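In what follows, a single structure is set out as structure tokens and then discussed.
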Amino acid sequence: PTINITAKDIVVIYDGECNFCIQSVDWLQQKHVVTAIPFQSADLSNYQVTYERCTKEVIVISNGITYGGADAVIFLLRARGNRIIAALLRLSGPITHFGYRWIASHRDSFLVKVISVILKRSVK
């Protein structure tokens, strides 16, 4: 099914202290503007998510549906127009969720720092 989503329809709650997260939001917004809010400064009660959950995963809210972690990333990739990558991630199921959890828990690792630099350089 085709997703027709406008910027006002998507709220991304992310870690505003994580360079990888910041670069990912900037990369996303090159092709699809979203309302992006660092969880550290958000009134999370407005979005019915907890501070604890936000420390562990990115949150996306669209049309009353809340997505977290890998599911949020897949949703955002589709909204950005990266449908093939989104489909591959969805099909890989547990591997995608494991990969998301690994990146989220290794934000200061060399690999994640390299990916952050690549994302930053791709943003124009």
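Kindly establish whether ILE85 is at pLDDT below 95 and under 17 Å from GLY99 (Cα atoms). Yes; evaluated as a whole, the condition is true for this residue. The set of residues from the range 99-119 being within 15 Å of the chain's Cα centre (by Cα) and open to solvent by 100 Å² or more (accessible area, probe 1.4 Å) comprises just one member, ARG101.
Whether any residue in the range 21-36 is among the basic types (Lys, Arg), at pLDDT 95 or above and either in contact with a Lys or Arg (Cβ under 8 Å, 6 or more places away or on another chain) or within 24 Å of ASP108 (Cβ to Cβ) (or both) is what I want to check. No, the range 21-36 contains no residue that is among the basic types (Lys, Arg), at pLDDT 95 or above and either in contact with a Lys or Arg (Cβ under 8 Å, 6 or more places away or on another chain) or within 24 Å of ASP108 (Cβ to Cβ) (or both).
Against the test of being open to solvent by less than 30 Å² (accessible area, probe 1.4 Å) and closer than 14 Å to TYR100 by Cβ, the options ASP15, ASP71 yield a single qualifying residue, ASP15.
Within the range 76-98, the residues that satisfy the criterion of being more than 15 Å from the chain's Cα centre (by Cα) and either closer than 20 Å to ILE22 by Cα or open to solvent by less than 60 Å² (accessible area, probe 1.4 Å) (or both) are ALA87, SER92, GLY93. Under the condition of being in contact with a helix residue (DSSP H, G or I) (Cβ under 9 Å, 6 or more places away or on another chain), part of a helix (DSSP H, G or I) and basic (Lys, Arg), the residues counted in the range 102-123 number 2.
Within the range 35-75, take every residue that is in contact (Cβ under 8 Å) with a residue 12 or more places away in the chain and charged (D, E, K, R) and give me the one that is nearest to LEU88 (Cα to Cα). Per the criteria, the residue is GLU57.
The values are calculated or read from the model by the stated rules, or taken from the named source; none is laboratory data. Source: prediction; values computed, not measured. Every residue, glycine as well, gets a Cβ built from its backbone with ideal geometry; the counts of neighbours run over all protein chains shown. These area figures cover heavy atoms from the full protein model, side chains too; ligands, DNA and RNA do not enter into them. Shrake-Rupley method; radii C 1.70, N 1.55, O 1.52, S 1.80 Å.
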